[in-house]
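Quick note: the coordinates plus some simple rules give every number you see, no bench work behind them. Keep in mind that this is a model prediction, so the values were computed, not measured. Here the Cβ positions follow ideal geometry from the backbone for every residue, glycine too, while neighbour counts run over all protein chains shown.
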Ligand code: ISE
């Protein structure tokens, strides 16, 4: 039957997932929405047939018409909802980051391992982006030989209020950390962060942009420019350099216009627009797999490994030194 989904958190991503499940995805319906702000929850549920608004995640998870959970609340609230979902053996799609730090992410990994089967797909949606998938297929097929370096750029037009320097790593560079692990099939071994002169367009206290250097377990390097107040739009680019060639994605040359003595195109303004297909695909694949009794996609271990690398990254921001990533032993559930 149709999968009844409870969406936890109705902020920016949560509201977008409610719309997506309601109008784009097949095989699912929004059975419940949860927000600690009751009015916001009611607004999100409004107009959706049979959708109940809650202020308490546990209450929504115990509702008889809820079969699965999509977590889009702020990261510090993820762990409690994940453990609640495990207690009821409910399948979960959890927005990134899995949790805000490595210790809590490891608790989630251990709880799922105790359950004995996978229940969590982590929302690293770049793995569903058509361009990233082409790059991954090229690398896996040996198309440019052994990959040695990734050059990444991650630019946001502007930050929302309250965005911190740690969030530049935990919320933003976490995507490059996952993409590097996934594209290369290697762990992140060490992280270094360098800071150029601060852009005067950045809010007070935010050292923006920064250069993050990731060293992998297989001896590859990934450099990431993170610039969260670049002003001109949302850009995510990645160039892989291999022994026999290079390959680059994210140039967004969909429509190139020549007029009035100039050439150019448009730059998307945010991630919801740039990664629309990836978000749709991620949620559709989750719904389809869940209805077939499977869990696939990025694992809780991927969420933990990314959190451990992020922790080294925020240490590196503070110390200015090269910080090693400490990983726990990988439970057998994750291969
Ligand atoms: C946001 O949380 C995301 O996940 C976006 O993909 C990223 O570009 C942005 O910097 C984050 O704040």
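Results, tabulated for the structure shown:
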{"read-out": "Volume in Å³ per residue [convex hull over Cα atoms, computed for the range 267-335]", "value": "123 Å³"}
{"read-out": "On Cα atoms only, tilt of 12-23 relative to the major axis of the chain in degrees", "value": "60 degrees"}
{"read-out": "Per principal axis, descending, Cα span of the range 194-290 in whole Å", "value": "50, 47, 37"}
{"read-out": "Degrees, to the nearest 10: 102-115 long Cα axis against longest axis of the chain", "value": "50 degrees"}
{"read-out": "When the range 149-235 is reduced to its Cα atoms, the Kirkwood hydrodynamic radius in Å", "value": "13.2 Å"}
{"read-out": "Among 38, 162, 207: highest mean-square fluctuation, GNM of the chain, C-alpha pairs under 10 Å", "value": "162"}
{"read-out": "Fraction in percent of alpha-carbon pairs per bin - 10 Å, the range 40-125", "value": "17, 49, 28, 6"}
{"read-out": "Rh (Kirkwood; distinct C-alpha pairs) - the range 223-262, Å", "value": "13.1 Å"}
{"read-out": "Euclidean distance of C-alpha centroids, the range 196-235 and the range 104-125, integer Å", "value": "29 Å"}
{"read-out": "R0 of 22 Å, Cβ-Cβ distance residue 195-residue 324: FRET efficiency to nearest 0.05", "value": "0.65"}
{"read-out": "Protection proxy ranking, peptides 241-250, 262-271, average beta carbon neighbours within 10 Å, highest first", "value": "241-250, 262-271"}
{"read-out": "Linear extension gain, residue 134 paired with residue 42, 0.36 nm per residue minus alpha-carbon span", "value": "29.1 nm"}
{"read-out": "0 to 90° range, to nearest 10: angle between helix 276-291 axis and the chain longest Cα axis", "value": "40 degrees"}
{"read-out": "Dimensionless Rg/Rh of the range 64-109 - Kirkwood Rh, Rg from C-alpha atoms", "value": "0.96"}
{"read-out": "Expected-Rg normalisation [2.2 N^0.38 Å, Cα atoms] applied to the chain", "value": "1.00"}
{"read-out": "Overall dimensions of the range 101-196 by Cα: Rg and Dmax, Å", "value": "16.0, 47"}
{"read-out": "Linear extension gain, residue 158 paired with residue 253, 0.36 nm per residue minus alpha-carbon span", "value": "31.9 nm"}
